[in-house]
């Protein structure tokens, strides 16, 4: 009976988007949702735009960088346009747009999935 309740609890929290961690004793620890208070209104609008369907074609790369930094993430530029984004233990390798400044649709989809995995949603 306890195991069934344990599975229901875990499934409910997975569906809510909270990361779940199991220890060896069957105890579940659920991370609380991220505190989005350090973001300003411009960063909140960028986050909402990333999660909108279909995403707008006017999201500038500088806005994405600002959002990631406000969430406590780290952006590392390497050769050419390669960029690595690290946020709460999750990484994403992506290309920054060039020569234009707007992020491509496929990159917005990748960013959306990356932010969901990191526990960030508007």
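The values are calculated or read from the model by the stated rules, or taken from the named source; none is laboratory data. Since we're looking at a predicted model, the values are computed, not measured. In this analysis, Cβ positions are derived from the backbone assuming ideal geometry, glycine residues included, and neighbour counts consider all displayed protein chains.
Yes/no per residue for (1) over 21 Å from residue 39 (Cβ atoms); (2) surrounded by 16 or more Cβ atoms within 10 Å (Cβ to Cβ):
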| position | (1), (2) |
| --- | --- |
| 60 | no, no |
| 63 | no, yes |
| 71 | no, yes |
| 77 | yes, no |
| 86 | no, no |
| 94 | no, yes |
| 107 | no, yes |
| 113 | no, no |
Requested in this report: Could you please let me know if residue 89 is modelled with pLDDT under 90 and under 13 Å from the mean Cα position of the chain (by Cα)?
Outcome: yes
Query raised in the report: Restricting attention to the stretch 54-75, which residues are more than 11 Å from residue 107 (Cβ to Cβ) and within 16 Å of the chain's Cα centre (by Cα)?
Result: 63, 65, 66, 67, 68, 69, 70, 71, 72, 73, 74, 75
Report summary line: Across the stretch 72-92, the tally of residues that are touching a strand residue (DSSP E or B) at 6+ places or on another chain (Cβ under 6 Å), under 18 Å from residue 119 (Cα atoms) and in a loop (DSSP other than H, G, I, E, B) stands at 1
Query raised in the report: Restricting the stretch 44-71 to residues that are outside any helix (DSSP H, G or I) and in contact with a strand residue (DSSP E or B) (Cβ under 8 Å, 6 or more places away or on another chain), which is modelled with the lowest pLDDT?
Result: 57
